[in-house]
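Take a look at the structure set out below.
The values are calculated or read from the model by the stated rules, or taken from the named source; none is laboratory data. Here the structure is a predicted model, which is why all the values come from computation and not from measurement. No Cβ is skipped: glycine too gets one built from the backbone with ideal geometry, and neighbour counts run over all protein chains shown. In case anyone asks, the SASA skips ligands and DNA or RNA and just uses the protein heavy atoms, side chains included. Shrake-Rupley method; radii C 1.70, N 1.55, O 1.52, S 1.80 Å.
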Number of protein chains: 2
Amino acid sequence: MRVLAIDPSLRSTGFALLEKVNGKICSVEYGLIRNRPEIPVSSCLVAILDRLAELIHRYEPDSAAIESTIYVQSYKTAITLGAVRGAAIIAVAERGVPIYEYAPRRVKQAVVGKGAAAKQQVGFMIRAMLGLRENPPPDAADALAIGLAHFQAHESAGRGVVTLVRL
Amino acid sequence: MRVLAIDPSLRSTGFALLEKVNGKICSVEYGLIRNRPEIPVSSCLVAILDRLAELIHRYEPDSAAIESTIYVQSYKTAITLGAVRGAAIIAVAERGVPIYEYAPRRVKQAVVGKGAAAKQQVGFMIRAMLGLRENPPPDAADALAIGLAHFQAHESAGRGVVTLVRL
C-alpha cells in the first residue's frame, strides 16, 4: 500500500510518499513544491497540479490523503487555500486515485498521541518514527504526518472503528 | 475579442462566451455546468475543469474573467468555493489564456449602473443588453454580467482609468 500525502499551500506545498512494507511504514520520498512570491496565482496552481501529476505518474500511489481545513486567518486566505486544495484534489482524481481527508487533530494524534502538539514536536516524532536521517522541512513533515494518519485510519477502518472521509 | 466568463459553484457553475463584433457585445454561448448532489467533490472538480477545457478548445477565447469573492457563509464554504475557483483558474491557465478578476460590486455596476442590484434586476438587464430571447438561468446570467464587466474594464484600462487584476 502506497500513499501520496499532501499539505497544500500556494508558495510551499508539502508532499510525501509513504509505503507499508512487511507491516512497517517507510518514507519513499518527500519534499516541497515551491512557488516564488513573484509567480502569479494561476501559474502556482498549474505548477502544483503538474508536479503532483508527475509524482503520481512516477510512484503510482493507491490512495491520497489531505488535511481538512478547520481554521484559517481570513476568507481571502480560505479562498486561496481552497484553490490549492482544488489543484491537489484534481491532480489525484484525474488519475483515478481515491483521496481521503483527515482533521488536523487526528493528524497530530497519529504522530504524538494527542491532538494539540507543537509543530516542532511533530517534526521530531516523524523523524524518529520513520527513521529519517534529517529533520524534514516543516511543510514536508506535515505531509508525512498526514500520510501516517492515513495508514492508522485505514487500519482502524478495517476494524470498523472509524469511517473514512473520501472527497 | 472573445471572453470566457465564469461564475464558479460546485453544483452549478455558470459560464458565458461573449464577443465584441463591430463595437457591439454579443453572447456566443452561455450555460451551466451542473453536478448532481450525489457526485463526490473530487469528481465535481474534474467535471468543471474538463467542461471548461472543452469550451476553451472549441471557442478559443482571448481572455477569461471571474468574480472575486468577498463574502461567503462560512470557512467551509470558502474552502469549497476556493476549490471550484481553482479548477476554473487551472482550466484557463493551463491553456495559456490570461484570467482577470472583478469585484461583485463592479460586475453589478457594469449591468445596472450601481453596485447594489437585486439578482432579478441583473438577469432582466442582461437580457435587454445582449438582446437575448429568453431569461438566462441565474448562474449563467451572473457569468454574462462578469463578461460584460470585463469588456467595460478593458475599455477603461485602455483609457488608463482602471488597473486590471490578473490572477
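Give the Kirkwood hydrodynamic radius (Å, one decimal) of the protein assembly as shown, defined as one over the mean of 1/r across all pairs of different Cα atoms.
Working: mean 1/r = 0.0475 Å⁻¹.
Answer for the protein assembly as shown: a Kirkwood hydrodynamic radius of 21.1 Å.
Positive-end ranking of A:59, A:47, A:69 along the dipole of segment A:32-73, with charges on Cβ about the Cα centre, is headed by A:47. Note on residue B:156 and residue B:22: the extension gain reaches 46.4 nm, defined as 0.36 nm multiplied by sequence separation minus the Cα-Cα distance. The accessible area of residue B:122, taken with all protein chains in place and a 1.4 Å probe, comes to roughly 10 Å².
Do any chymotrypsin sites (Phe, Trp or Tyr not before Pro) in segment A:1-80 lie in a loop, going by DSSP, with at most 10 other beta-carbon atoms within 10 Å of their beta carbon, and if so which? Counting only loop positions with at most 10 other Cβ atoms within 10 Å, the chymotrypsin sites (Phe, Trp or Tyr not before Pro) in segment A:1-80 are A:71.
Measuring between alpha carbons in the structure, the pairs from A:76/B:76; A:24/A:108; B:20/B:119; A:76/B:108; A:20/A:108 lying more than 23 angstrom apart are B:20/B:119.
Centre-to-centre, using Cα atoms only, segment A:1-78 and segment A:142-163 are separated by 17 Å.
When B:154, A:57, A:150 are compared by accessible area of protein heavy atoms, the largest-first order is A:57, B:154, A:150, using a 1.4 Å probe.
In chain A, which longest range has no GluC sites (Glu not before Pro) that are both DSSP loop (not H, G, I, E or B) and surrounded by at most 10 other Cβ atoms within 10 Å? Let's see the in-between values first.
Details: sites that count: A:38, A:134.
The answer is A:39-133.
Among beta bridges identified by DSSP and lying wholly in chain A, the antiparallel ones come to about 70 percent.
For chain A, what is the mean residue ellipticity at 222 nm derived from helices alone (per DSSP H run of n ≥ 4: -39500 (n - 2.57); sum divided by total residues; nearest 500 deg cm²/dmol)? Helix contribution divided over all residues of chain A: -16000 deg cm²/dmol. Across all directions, the shadow cast by the convex hull of segment B:1-148 built on its C-alpha atoms averages 8.6 square nanometres.
Placing +1 at every Lys and Arg Cβ and -1 at every Asp and Glu Cβ, with all other atoms neutral, what dipole size does chain A have around its Cα centre, in debye to the nearest 20?
Working: 20 positive and 15 negative charges, 89 e Å.
With only Lys, Arg, Asp and Glu charged at Cβ, the dipole is about 420 debye.
Of all DSSP beta bridges in the protein assembly as shown, what percent run antiparallel (nearest 5)? Within the protein assembly as shown, antiparallel bridges account for around 70 percent of the total.
If only the Cβ of Lys and Arg carry +1 and only the Cβ of Asp and Glu carry -1, the dipole of the protein assembly as shown around its Cα centre is close to 740 debye. Subtracting the Cα-Cα distance of residue B:54 and residue B:165 from 0.36 nm times their residue separation leaves 37.5 nm of extension gain. The largest accessible area among A:90, A:39 belongs to the first residue in A:39, A:90, and the rest follow in falling order (1.4 Å probe, all chains).
Rolling a 1.4 Å probe across all protein chains gives residue B:119 an accessible area of roughly 120 Å². With every protein chain left in place and a probe of 1.4 Å, what is the accessible surface of residue B:1, to the nearest 10 Å²? Near enough 90 Å² of accessible area.
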